[in-house]
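Enquirer: A single structure is presented below for examination.
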Amino acid sequence: IIGDPIAGIGVEMMRQAGLEVDVKTGLAPDELERTVGGYDVIIIRSATKVREPIIKAAKNLKLIVRAGVGLDNIDVEYARSKGIEVMNTPAASTNAVAELTVGYLLALARRLPQTTASMRAGKWEKKKFRASEIAGKTLGLVGYGRIGWLVAKKALALGMEIIAYDPYVADPRGLEMEFVSLEELLKRADYISMHLPLTNETRDLIGGPQFELMKDGVRIINCARGGTIDE
């Protein structure tokens, strides 16, 4: 069963491989709980949550696939305790998210949302919206996995200096950058970009005390999970 929309070619490839595939998107949790009983595999994206009640109801379930990166919408530990494998597709959106991050970075630096709104209102407020260049600025990456690394690569090409905090990574993978503590990153960065999963360890990683360490006027980009920042 496919619980969230995916590309039609993906559905067709599974059927050509001999799988019986039912596409049932937009089901409420109670509807999915009533429906999932006879299926061996469930494929979801971000919208559908596969929590304990659904897993309990899925008597034949052997595999949960998250078509994407984060697994915070799945009760992973409970599923695995029942012998159900949980998989994701970590490389699928790497470049798309990295490009989006750079797009937000440039939009913040050049104040594109504000200037666009001003222009649409028929105004010409060039002096009001003073922008800045990103070349020579310091980008702090919180998380240096696939996406964080690719953002660093793209930002280096734009002339930025890169620092990163990741307690699980120590290899710059060929890039000229520096690993630092979270505290040092928050103090030094002109731009901060979040690239880490939402776990008990990372929930509200950035909150009041961390904001106090930052420079005035720092820009924060979060293309990861909203829960990593105490908004």
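Enquirer: Along the positive direction of the dipole of region 150-222 (beta-carbon charges: Lys, Arg +1; Asp, Glu -1; about the Cα centre), which of Ala164, Val180, Met194 reaches farthest?
Expert: Farthest along the dipole direction, towards plus: Met194.
Enquirer: If the cut-off is a Cα-Cα distance under 17 Å, which aspartates and glutamates reach Lys62, setting aside same-chain residues fewer than 8 apart in sequence?
Expert: In chain and number order, the partners are Glu20, Asp22, Glu33, Asp40, Glu52, Asp75, Glu77, Glu85.
Enquirer: Extent of the chain along each principal axis, from alpha carbon coordinates, in Å, largest to smallest?
Expert: 62, 46, 34
Enquirer: With springs only between Cα atoms under 10 Å apart, run a GNM on the chain and tell me which of Thr35, Thr116, Thr202 wobbles the most.
Expert: Fluctuation is largest for Thr116.
Enquirer: For the chain, with a Gaussian network of springs between Cα atoms less than 10 Å apart, report the residue from Lys126, Lys82, Lys49 with the top mean-square fluctuation.
Expert: Fluctuation is largest for Lys126.
Enquirer: Explain nothing, just the number: dipole magnitude of the chain about its Cα centre with +1 on each Lys and Arg Cβ and -1 on each Asp and Glu Cβ, in debye rounded to the nearest 20.
Expert: Around 900 debye, computed over the chain.
Enquirer: To continue, here is another question. From the helices alone, meaning DSSP H stretches of at least four residues, give me the mean residue ellipticity at 222 nm for the chain, per-run term -39500 (n - 2.57), in deg cm²/dmol to the nearest 500.
Expert: -9500 deg cm²/dmol
Enquirer: Something else now. Using the Cα centre as the reference, give the magnitude of the dipole from point charges on the C-beta atoms of region 1-54 (Lys, Arg: +1; Asp, Glu: -1; all else neutral), rounded to the nearest 20 debye.
Expert: Using Cβ point charges on Lys, Arg, Asp and Glu, region 1-54 gives about 140 debye.
Enquirer: Another one. Using +1 at the C-beta of Lys and Arg and -1 at the C-beta of Asp and Glu, which of Leu32, Thr101, Asn60 has the Cα lying farthest in the positive direction of the dipole of the chain?
Expert: Positive-most Cα among the choices belongs to Thr101.
Enquirer: My understanding is that a pair violates if its Cα-Cα distance is over 19 Å; which of Lys153/Lys187; Lys59/Lys82; Lys137/Lys215; Lys127/Lys154; Lys49/Lys82; Lys128/Lys187 do that in this structure?
Expert: The answer is Lys153/Lys187; Lys127/Lys154; Lys128/Lys187.
Enquirer: Let me ask you something else. Modelled label-to-label distance, Glu85 and Arg203, 7 Å Cα→beta-carbon offset: nm?
Expert: 2.9
Enquirer: Which one, Ala170, Ala28, Ala189, has the greatest fluctuation when you compute a Gaussian network model over the chain with C-alpha springs under 10 angstrom?
Expert: In this elastic network of the chain, the residue with the biggest mean-square fluctuation among Ala170, Ala28, Ala189 is Ala28.
Enquirer: Can you pull the one-decimal nm distance between simple spin-label points at Lys215 and Ser93, each 7 Å off the Cα toward Cβ?
Expert: 3.0
Enquirer: Taking every pair of distinct Cα atoms and averaging 1/r, then inverting, what Kirkwood hydrodynamic radius in Å comes out for region 94-228?
Expert: The answer is 15.5 Å.
Every number here is computed from the coordinates shown, using simple stated rules; none is lab data. Just so you know, these numbers come straight off a predicted model, no measurement behind them. Heads up, the Cβs are rebuilt from the backbone with ideal geometry, glycines too, and the neighbour counts pull from every protein chain shown.
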